[in-house]
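Bear in mind these aren't lab numbers, they're just calculated from the coordinates by the rules spelled out. None of these values were measured; they are calculated from a predicted model. Cβ placement follows ideal geometry from the backbone for every residue including glycine, while neighbour counts extend to all protein chains displayed.
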Amino acid sequence: MSDNFFAELDSELWDAKITPSSEEAQPVHSNPAAHAPVKKPLPAGPIKPQLKPTTPMNPSMSRPVHNGQKNLVPKRPLMTGKPVLTNRPLKRLELPPEKSIVTPESTPAEVPTSLSPAVIKSLNVPVIFPKSAEPQILPKADHNVTRMIPIGGLRTVGANMTMFEHGDDILIVDGGLEFARGGNSPGFNYLLPDIRFLQPHIKRIKAMFITHGHLDHIGALKNLVPALGFPPIYGAPFTIAMIKKGFEEAGLKNKVQFFTINPDAGKMANIGVFKYEFFRVNHSIPDSCGVYIETPSARIMHMGDYKVEFFPRIDKPADLPNYARIASRGIDILLQETTNSSRLEWTTSETKVTGELKQIIMDARERVIVGNFSTLISRIQDVVTIAQELGRTVLINGRSMVDCVAIAREMGYIKCKEGVIKALDKKTMESIPENKQIIITTGAQGEEFGGLNNISRGDHATISIKPSDTIVLSSSIIPGNELAIAEMMNRLNRFGSKIITIKELEVHSGGHGGIVEQRVMMNLINPKYIVPVHGDLSQRLTLKREAVKMWWDPKNVLIIEDGSIVEIDERHELVFSRKKIPLEALGVDGMSIGSLETRAIKERIQLGEEGVLIVNTKDATVESRGLFFPDEITASHSAIADYAKKAVSAKKPEDNHKNFCDFLAKDLSKMVLKVWEREPLVVCI
Ligand SMILES: [Zn+2]
């Protein structure tokens, strides 16, 4: 790999938009110390795992299944006489890189032994407590059975979390949040997986494995980890850095032991009864991983979030031979993400996006504003590299963007000359000509308090949009954000500036592979069972249909729910239990955690949609909020007061006051519905 890879590539992009050939695209990483390829002499007779040859389609044939035997993927020598690239390190699978698999933190944490009041007081986040008189709802597994239970990630998009259990040991993969978007979760900051059933078992939890640093995989950890007994957390370097940032704010940083895994180690390690191996995948945040988990009864491959990208900007190209090497152990269950299952095309190459961005910025007369995800470090690096070439300065806007850029620069994932990136403040902005500025900002999803949304509303302290600005939304639409983004776009369009989105040009490459990439992975890994995850029912069913078309027996592609219990017995055969762990949707509201199924939430929804009517039974006075329009308030209140007076005068001294109030509230609800056809929350006091 050339040290000047970016410079070389960028100069090529400068001259023309190119599509590099596979020979030109080398593994690239910005952290040479951690990720430099190990140079080896060319092997005399290199052995590579090969894909199974395609068998002609025959609907009458069922897909061959295996029984967990090893070495199912046939190996054959490379063709002799094939030209070998001298600058690309060839892999010898029998000689894994000499790197440590896992590194504990240099300073051991002071892990609390219990969730004492003093510990709770030291935290800046609400933690989950067990339900009162919680029964033992996790039934004991049979001897030598491996159990998998999805705790989150199968109801909607987000809150990804799965547990694996064998014997006395439990392993958890991911602990993500789900974004609350009003609707049935009014007032909540975010939603959490319901881990309360695990609380009687916290001493059995050996570790939490984290696949990558997106919030739907790490965002709930600060709320869950204390309730789970502060288990050690394993992840790749950038993932651990992102978790630590959140834990620092939550008062948790030194209460958890972190282990940094090396996703390039190419070896298995042990924890409890589990053998495991993290492996690198391509996604939209550095150091994304999948994880292989092995027990005496099951071999499981959890892909995390991934796409198959051969021309990444700062990560390494997709390593299909490595996936095949792991799969050659004979995979029983593949957990396959489905976020983009409905997308038919192969994900746009990141290098192509780089070319588009460069052209746009070159064409821009004045200031450029790029809306981006704060964790999409490769895109930030792109903008920084382009700015450096064009003599522009990158100004960072949005708290999460500032934090992520700081972490990525410190770890060497973003590289640039001194002074190319600057904090965004009024004085700095005024000191740089507008045609030399690129502002990179959060809020491309129309988030309520996101940077770009603030700018679109004219609420930003420093940035006001001008017609001469070029705005690039270098992002996709996360499902559920369509309306917020459309409203933001309308506001931005009023300023008359040029706006470019993925509808106009390929200015974004998503992190989730489409169905084509998922087909490749299913074929390559060839698992006995497939569990579609990370998606709602429609997305998961799309993947199932695809797998069935690829000859998987429909019974072997499991559409399960959060709380479903999947068991693999010692013959590596699946036993699907009808028993289900009852899970509720939990949410964080300020410093509290509550269930979305409580009366309080139903009342919030009713209040939000219909308003509230309050009647004081002492003097039959009436108040309302959000119920009547100004010109009908006086007459409406008067009619309701008259109705209430009659009821109050008929009240007997021996009547229970609370019962009377409840009765009157029901009566008034019927009256308001009948007269005004509205259903407010009615409160009688
Ligand atoms: Zn992700």
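With Cβ to Cβ distances under 13 Å as the rule, what net charge do the other residues near MET521 carry (K, R +1; D, E -1)? Don't jump to the answer; show the numbers that get you there.
Working: positive: LYS307, ARG519; negative: ASP305, GLU309, ASP319, GLU337, GLU517, GLU546.
Counting the neighbours of MET521, the net charge comes to -4.
Where both partners of a DSSP beta bridge lie in segment 137-247, what percent of those bridges are antiparallel, to the nearest 5? Write down the numbers at each step before the final one.
Numbers: 14 of 20 bridges.
Beta bridges within segment 137-247, antiparallel portion: roughly 70 percent.
Exposure proxy shown here: for MET671, MET362, the number of other Cβ atoms within 10 Å sets the order, fewest to most, as MET362, MET671.
A straight chain from ASP459 to GLU561 at 0.36 nm per residue would run longer than the Cα-Cα distance by 32.5 nm. Between ILE120 and LYS670, the modelled label-to-label distance comes to 4.4 nm, taking each label 7 Å out from Cα in the direction of the beta carbon.
Let me spell out the model: positive unit charges on the Cβ of Lys and Arg, negative unit charges on the Cβ of Asp and Glu, origin at the Cα centre of segment 350-500. What dipole size does that give, in debye rounded to 20?
Values: 19 positive and 18 negative charges, 76 e Å.
So the dipole magnitude of segment 350-500 works out to roughly 360 debye.
3J(HN,Hα) along segment 402-408, derived from phi through the Karplus expression 6.51 cos²θ - 1.76 cosθ + 1.60 where θ = phi - 60°, amounts to 4, 5, 5, 5, 4, 4, 5 Hz, with x in place of Gly and Pro. Across segment 527-541, computed HN-Hα scalar couplings (Karplus, 6.51 cos²θ - 1.76 cosθ + 1.60, θ = phi - 60°) run x, 6, 10, 10, 10, x, 9, 6, x, 7, 4, 4, 5, 6, 5 Hz from first to last residue, x flagging Gly and Pro.
Need the full-extension length gain, ASP631 to LEU320, defined as separation in residues times 0.36 nm minus the C-alpha distance. One decimal, nm. Don't skip to the answer; put the middle values down first.
Details: separation 311, 0.36 × 311 = 111.96 nm, distance 6.91 nm.
Full extension from ASP631 to LEU320 adds 105.1 nm.
Peptide packing for 425-436, 464-475 was compared via the average number of neighbouring C-beta atoms within 10 Å per residue; ordered from the highest value, the list is 464-475, 425-436.
Relative to the current alpha-carbon distance between LEU537 and GLU506, full extension at 0.36 nm per residue lengthens the span by 8.3 nm.
Let's see if you can work this out: charge +1 on each Lys and Arg Cβ, -1 on each Asp and Glu Cβ, no other charges. What is the dipole magnitude of segment 598-684 about its Cα centre, in debye to the nearest 20? Please list the in-between numbers first.
On the way: 14 positive and 14 negative charges, 65 e Å.
Charge dipole, segment 598-684, about its Cα centre: 320 debye, nearest 20.
Once backbone amide H atoms are built at 1.01 Å from N, VAL575 has GLU567, ILE568, ASP569 as its partners under 5 Å, excluding neighbours fewer than 5 places away on the same chain. Cα centroid separation, segment 315-349 to segment 499-567: 10 Å.
Cβ crowding within 10 Å ranks LEU390, LEU664, LEU424 as LEU390, LEU664, LEU424, fewest other Cβ atoms first.
Within the set of other residues whose C-beta is less than 14 Å from the C-beta of GLU677, count the net charge using Lys and Arg as +1 and Asp and Glu as -1.
On the way: positive: LYS670, LYS674, ARG678; negative: GLU609, GLU610, GLU632, GLU679.
Summing Lys and Arg as +1 and Asp and Glu as -1 gives -1.
If you plug the beta carbon distance of GLU677 and LEU483 into 1/(1 + (r/R0)^6) with R0 = 22 Å, you get a FRET efficiency near 0.25. Calculated FRET efficiency, SER431 to ASN490, Cβ-Cβ distance, R0 = 41 Å: about 0.80 to the nearest 0.05.
For segment 598-684, just say rounded, prolate or oblate: build the C-alpha gyration tensor, square-root its eigenvalues into a ≥ b ≥ c, call rounded for a/c under 1.5, and beyond that prolate if a/b exceeds b/c, oblate if not.
Values: a/c = 2.16, a/b = 1.25, b/c = 1.73.
Oblate, since a/c reaches 1.5 and b/c is not below a/b.
For segment 605-685, applying the loop criterion from DSSP together with a ceiling of 15 other beta carbons within 10 Å to the trypsin sites (Lys or Arg not before Pro) yields LYS618, LYS651, ARG678. With the Cα gyration tensor of segment 401-502 giving a ≥ b ≥ c as the square roots of its eigenvalues, does the rule (a/c under 1.5 for rounded; else a/b larger than b/c for prolate; else oblate) give rounded, prolate or oblate? Because a/c hits 1.5 or more and a/b fails to exceed b/c, segment 401-502 counts as oblate.
What do you get for GluC sites (Glu not before Pro) in segment 290-350 restricted to DSSP loop and a cutoff of at most 15 other Cβ within 10 Å of the site's Cβ?
Details: sites: GLU294, GLU309, GLU337, GLU345, GLU350; in loops: GLU309, GLU345.
Within segment 290-350, the qualifying GluC sites (Glu not before Pro) (loop, at most 15 other Cβ atoms within 10 Å) are GLU345.
Within the set of other residues whose C-beta is less than 12 Å from the C-beta of LYS253, count the net charge using Lys and Arg as +1 and Asp and Glu as -1. That sum, taken over residues with Cβ under 12 Å, equals 0.
Give the peptides 378-389, 567-578 in descending order of average Cβ contacts within 10 Å, highest first. Display every interim value, and only then the final one.
Numbers: 378-389: 24.2, 567-578: 15.3.
Sorting 378-389, 567-578 by mean packing, highest first, produces 378-389, 567-578.
Model label points for GLU584 and VAL612, set 7 angstrom from Cα along the Cα-to-Cβ axis, are 2.1 nm apart. If R0 is 41 Å, the Cβ-Cβ spacing of ALA639 and ASN184 corresponds to a FRET efficiency of close to 0.80. With the cut-off at 1.5 for a/c, could you classify segment 514-569 from its C-alpha gyration tensor as rounded, prolate or oblate? Oblate, since a/c reaches 1.5 and b/c is not below a/b.
Between GLU573 and ALA650, the simple label model (points 7 Å from Cα in the Cβ direction) yields a spacing of 6.9 nm. Ordering of 480-487, 548-555, 532-539 by packing is 532-539, 480-487, 548-555, highest average first (other Cβ atoms within 10 Å, averaged per residue).
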